[in-house]
Protein chains: 2
Amino acid sequence: MKDATYTEIDEALKNAQEAFLAYRHTSGKQKANLLRTIAAEIENLGSELITIAMEESHLPEARLLGERGRTTGQLKLFADLLEEGSWVEASIDTAIPDRQPLPKPDLRKMLFPLGNIVVFGASNFPLAFSTAGGDTASALAAGCTVVVKAHPAHPETSGLVAKAIATALEKCGLPQHIFTHLYGKHIEVGKNLVMHPLTNAVAFTGSYIGGKALFDLASQRKVPIPVFAEMGSINPVLLLPDALKSRAESIAQQLANSITASAGQFCTKAGILIGIESNELTDFIQHLSSFISQIKPATMLYDGIANNYDYQRKIALVQTGVNLEAQSATEAQKDEAMPTIASVMAQDFLKNPTLHEEVFGAYALIIKCKHKDEMQQIIQSLEGQLTATIIAEKEELLKHKDLVDDLKNNVGRIIINGVPTGVEVCHSMQHGGTFPATTDAHFTSVGTGAIKRFVRPICLQNFPDELLPSELQASNPLNIWRLTNGKWGKD
Amino acid sequence: MKDATYTEIDEALKNAQEAFLAYRHTSGKQKANLLRTIAAEIENLGSELITIAMEESHLPEARLLGERGRTTGQLKLFADLLEEGSWVEASIDTAIPDRQPLPKPDLRKMLFPLGNIVVFGASNFPLAFSTAGGDTASALAAGCTVVVKAHPAHPETSGLVAKAIATALEKCGLPQHIFTHLYGKHIEVGKNLVMHPLTNAVAFTGSYIGGKALFDLASQRKVPIPVFAEMGSINPVLLLPDALKSRAESIAQQLANSITASAGQFCTKAGILIGIESNELTDFIQHLSSFISQIKPATMLYDGIANNYDYQRKIALVQTGVNLEAQSATEAQKDEAMPTIASVMAQDFLKNPTLHEEVFGAYALIIKCKHKDEMQQIIQSLEGQLTATIIAEKEELLKHKDLVDDLKNNVGRIIINGVPTGVEVCHSMQHGGTFPATTDAHFTSVGTGAIKRFVRPICLQNFPDELLPSELQASNPLNIWRLTNGKWGKD
């Protein structure tokens, strides 16, 4: 798999641009058909896809089967969205020719595709956040073309999925260049893709360093373009005392699973657990330690990420005041993530920015606070987060609802009595918090809302009905929900 | 009016942050009441406001009376939006506890305010895009606090409006620091406001140089923040032959008025008129020249802008191939904008980037194409635009609908047989094209959509009903439109 040269990238984007000019006229029904055909072609790859993805990612079969289901499910969910059609936010203000002092013109607005989207495959979801993952699905649904840079950790998996997409385009009679698949290990490939004048937006899921570098490049272009980068977070979990008192063991069990699932390689993995010093907290830590020691180390996605975990974990454990609470009783082999729990006092955490950084892998840090005020100080000290979780009995939750308010300052999703992992793909999902969780908190990269990243509103003034897209025509031929003179309806 | 010091800015944002923590709990009805009270207090300023604005801006009374109506109208339109309530995009996915292989949690999402918004007053709309203009109205409607930097060209006007807002806050029993009014002539004030860690977003209307500087600063912050800058454009007008044949004189009349209204100081002023060489075009140019020569020069907003117009106009007129077609028969006095029309051949325009730049004032350039292909080349060579206009007979429009497609690549609003000036404040308005017309084409700065700049979605997972905002509660107490399990309704 050779890195794409500048010439290949240039050609890819020129071809994509030509394909875009045709693809943007495709109806919602046609785009839905494409997405469903891609899903079918991915299913048609059968066990070969799973076998290769297992080899490349070291993820277990069950997880990859689930992820394939998630990937095809996403494609079908966007197909549903397109078939229903109201997602374009059609808005109509009809003319008032005799208005004084000036007549009001006819104004109609809806969302139109941005153009060519560069998608960076993510290492930790070789299917659902990669080649035909949520970014590609939402960009194609928006009517945009997609140029994917395969993640170097799973080139064969990516290539197979790309072939499925190419087959689907052919079966649907659509231009091949709606989708392009490129390889690139070297940072230069990503840079050339982001800087190309025909690139209109970028989608990325991965590390802060990677995402921030793309964001900086894109901001410095002659024509800056949006980079929608999801860069992970430490996903705080607040443990309130009454909940620990009544169910410390089951909470510990749930969190131990969440922290170590897929070797802790989820951007929504709980990275810090914040509790108030007490017998209940001690009890909880004992339970959690016991579960963690029983969990076997699992092989990480690739050697680089395993080395990085090893390094970050070591750095974290030698910080002032940090105590190792538990690790797996089984020794970790090469490239395996050692499940690990440590603890630290709140004041030490507050003083040390290193402890605020994500440790990507099966690691979590318990923060012991002296009282609720310290818990709030911790929350206020945190950077933007994808998620935050509150474990609480209902009564204590209602008593401490100021904690929810505190979290609303910089968190994208707040979970009560659950775990942050398991990001549901649906309309109401928000996967994106304030920086540095993501580069643009206005948008989500999971769920149907993800399509909004790749469109922009255009207003059409005084257009004859024949020249309007169906979505804005007087008779509402697609029968979609529209805002007409400020009122929602289908008339 | 002394420039705000760093200490004053720091204090303003700390106070704003405290006010935000209270203000974000204000209901839609309370916020609507605030906006209506601000509108009433602006009206209460009576003729004093108009007199001072006339003195400071040199705009005529009728224009300022209209602008005051627009300003209070905007505030009331946002109040309507808040009272209706559906703008928060409430979305509910209900739990499926027995789903296999994993239960589906209850997920609810809506838009929440971003925090503290810094608004830069614009010189060319001392009321409607300044202190209590669209940016302030939409930010307050969103539940954000606002820190306004008054434009140095109209400090007294700005101060009066700020006083009206302060009175309204007091009458509504809301914290004073929801709104702060600062002065700043020096670039340092703007820089300190954008770089302050408690600033969450910035709204700006003005020059490319000003907007781009703020965008660059904000991108380079440790925590980058969005800058919604509207930086103007040259607003191409395509003149199709049949339309010129049938109504050259009335088109010329309409355009002459649009180009010279308010001394051409509108960001949507038509800056280039693109036609195909023909007798009709010659005829049109004669009519336009005749109208332009009859229009008297008008005083510009302030001396700096007048000097700049004078300079840019001179530069434009000495470019290769540019011919002066007409200017006002009346000599321009100090600080007056000389109404001017020039022309150039398409090939000269294509070769010369200087001619693609906005000349802010009563100036337009006619571009003569040899054929339609050249017209399309011109369109494709243009940067992002707020608007584009097509003047055409219906039949030729339908025959040349590819022109509309070309414009959809980088234009925010496309007008058929009208003029780009006169930006309607309504739901369907889009005031924002691709860069450099604005820094973020996903959003608009005019119309109810402007509120979306200052909010972000937050997902609440497994929340007890009592802890949910009214907008997301099971009984839908506010009776708003919501997306429930993918279906729009009020249930």
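The values are calculated or read from the model by the stated rules, or taken from the named source; none is laboratory data. Everything numeric in this text was worked out from a predicted model, so none of it was measured. Note that each Cβ is placed from the backbone with ideal geometry, even for glycine, and that neighbours are counted across all protein chains shown. Note: accessible area is taken over every heavy atom of the protein model, side chains too, but ligands, DNA and RNA are not part of it. Shrake-Rupley method; radii C 1.70, N 1.55, O 1.52, S 1.80 Å.
Among the residues of the range B:42-62, those that are open to solvent by 40 Å² or more (accessible area, probe 1.4 Å) and assigned to a helix (DSSP H, G or I) comprise B:43, B:44, B:47, B:48, B:51, B:54, B:55, B:61, B:62. Scanning the range A:424-434 for residues that are of a type in the set (A, V, I, L, M, F, W, C) and surrounded by fewer than 24 Cβ atoms within 10 Å (Cβ to Cβ) returns A:425, A:426.
Run residue A:428 past the list (1) among the hydroxyl-bearing types (Ser, Thr, Tyr); (2) assigned to a loop (DSSP other than H, G, I, E, B); (3) more than 7 Å from chain B (Cβ to nearest Cβ) and report the number of the one that doesn't hold. The single condition residue A:428 does not satisfy is (3). Can you give me the number of residues within the range A:53-79 that are closer than 30 Å to residue A:361 by Cβ, small (Gly, Ala, Ser) and more than 11 Å from chain B (Cβ to nearest Cβ)? Of the residues in that region, 3 qualify.
Only residues that are aliphatic (A, V, I, L, M) and buried (at least 23 other Cβ atoms within 10 Å of the Cβ) were counted in the range B:16-41, giving 5. Listed by first and then second residue, the pairs linking a residue in the range B:201-227 that is under 25 Å from residue B:312 (Cβ atoms) to a residue that is of a type in the set (Phe, Trp, Tyr) and assigned to a helix (DSSP H, G or I), with Cβ atoms under 9 Å apart and 6 or more places separating them unless they lie on different chains, are B:204/B:215; B:227/B:215. None of B:43, B:56, B:18 is out of contact with any His (no Cβ under 6 Å at 6 or more places or on another chain), over 23 Å from residue A:102 (Cα atoms) and not hydroxyl-bearing (Ser, Thr, Tyr) except B:18.
Got a number for residues in the range A:85-100 being away from chain B (no Cβ under 12 Å) and touching a residue at least 40 places away in the same chain (Cβ under 8 Å)? Qualifying residue count, the range A:85-100: 1.
With B:140, B:82, B:127 as the choices, which residue is at pLDDT 95 or above, assigned to a helix (DSSP H, G or I), crowded, with 24+ Cβ neighbours inside 10 Å and away from chain A (no Cβ under 14 Å)? Being at pLDDT 95 or above, assigned to a helix (DSSP H, G or I), crowded, with 24+ Cβ neighbours inside 10 Å and away from chain A (no Cβ under 14 Å) holds for just one of B:140, B:82, B:127, which is B:140.
Please verify whether residue A:99 is open to solvent by 30 Å² or more (accessible area, probe 1.4 Å), over 30 Å from residue A:17 (Cβ atoms), under 23 Å from the mean Cα position of the chain (by Cα) and charged (D, E, K, R), treating the condition exactly as stated. Against the criterion (open to solvent by 30 Å² or more (accessible area, probe 1.4 Å), over 30 Å from residue A:17 (Cβ atoms), under 23 Å from the mean Cα position of the chain (by Cα) and charged (D, E, K, R)), residue A:99 does not qualify. Within the range B:305-319, is there a residue that is of a type in the set (Lys, Arg), open to solvent by less than 30 Å² (accessible area, probe 1.4 Å) and more than 21 Å from residue B:276 (Cα to Cα)? Yes.
For residue B:391, the conditions (1) more than 8 Å from every other protein chain (Cβ to nearest Cβ); (2) under 29 Å from residue B:66 (Cβ atoms); (3) in contact with a Ser or Thr (Cβ under 6 Å, 6 or more places away or on another chain) all hold with the exception of (3). Tell me, yes or no, whether the range A:153-165 has at least one residue that is within 26 Å of residue A:436 (Cβ to Cβ), modelled with pLDDT of 95 or more and crowded, with 19+ Cβ neighbours inside 10 Å. Yes, the range A:153-165 has at least one match. Within the range A:375-410, the set of residues being part of a helix (DSSP H, G or I) and open to solvent by less than 10 Å² (accessible area, probe 1.4 Å) comprises A:375, A:378, A:379, A:396, A:397, A:403, A:404, A:407. Look at residue A:405 and say whether it is among the charged types (D, E, K, R) and at the interface with chain B (Cβ under 10 Å from one of its Cβ atoms). Taking the combined requirement at face value, the residue satisfies it.
The lone criterion from (1) open to solvent by 30 Å² or more (accessible area, probe 1.4 Å); (2) touching a helix residue (DSSP H, G or I) at 6+ places or on another chain (Cβ under 7 Å) left unmet by residue A:169 is number (1).
Rundown of residues vs (1) within 30 Å of residue A:17 (Cβ to Cβ); (2) touching a strand residue (DSSP E or B) at 6+ places or on another chain (Cβ under 9 Å); (3) at pLDDT below 95, yes/no style:
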| position | (1), (2), (3) |
| --- | --- |
| A:206 | yes, yes, no |
| A:212 | yes, yes, no |
| A:221 | yes, no, no |
| A:224 | yes, no, no |
| A:256 | no, yes, no |
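Taking the criterion of being touching a Ser or Thr at 6+ places or on another chain (Cβ under 9 Å) and either part of a loop (DSSP other than H, G, I, E, B) or among the charged types (D, E, K, R) (or both), the residues of the range A:91-112 that qualify are A:93, A:94, A:104, A:106, A:108, A:109.
Has the range A:267-283 got at least one residue that is more than 28 Å from residue A:374 (Cβ to Cβ) and either of a type in the set (Gly, Ala, Ser) or in contact (Cβ under 8 Å) with a residue 40 or more places away in the chain (or both)? No, the range A:267-283 contains no residue that is more than 28 Å from residue A:374 (Cβ to Cβ) and either of a type in the set (Gly, Ala, Ser) or in contact (Cβ under 8 Å) with a residue 40 or more places away in the chain (or both). Taken over the range A:175-219, the residue count meeting the criterion of being more than 20 Å from the chain's Cα centre (by Cα), within 14 Å of chain B (Cβ to nearest Cβ) and open to solvent by 20 Å² or more (accessible area, probe 1.4 Å) is 3. Only residues that are closer than 18 Å to residue B:166 by Cβ and over 26 Å from the mean Cα position of the chain (by Cα) were counted in the range B:1-29, giving 8. Each residue in the range A:328-370 was checked for being assigned to a helix (DSSP H, G or I) and basic (Lys, Arg), and 1 pass. Checking B:467, B:478, B:483, B:472 one by one, the residue that is more than 30 Å from residue A:17 (Cβ to Cβ), within 7 Å of chain A (Cβ to nearest Cβ) and either out of contact with any helix residue (DSSP H, G or I) (no Cβ under 8 Å at 6 or more places or on another chain) or crowded, with 19+ Cβ neighbours inside 10 Å (or both) is B:483 and no other. Only one residue in A:451, A:414 is of a type outside the set (Ser, Thr, Tyr), out of contact with any His (no Cβ under 6 Å at 6 or more places or on another chain) and either facing chain B (nearest Cβ under 7 Å) or part of a loop (DSSP other than H, G, I, E, B) (or both), so which one is that? Checking each option against the conditions leaves just A:414.
Can you find a residue that is surrounded by 23 or more Cβ atoms within 10 Å (Cβ to Cβ) and among the small types (Gly, Ala, Ser) anywhere in the range B:345-354? Checked against the condition, which is being surrounded by 23 or more Cβ atoms within 10 Å (Cβ to Cβ) and among the small types (Gly, Ala, Ser), the range B:345-354 yields at least one hit.
Return the residues of the range B:454-464 that are facing another protein chain (nearest Cβ under 7 Å) and closer than 21 Å to residue B:81 by Cβ; say none if nothing qualifies. Hits for the range B:454-464 are B:456, B:457, B:458.
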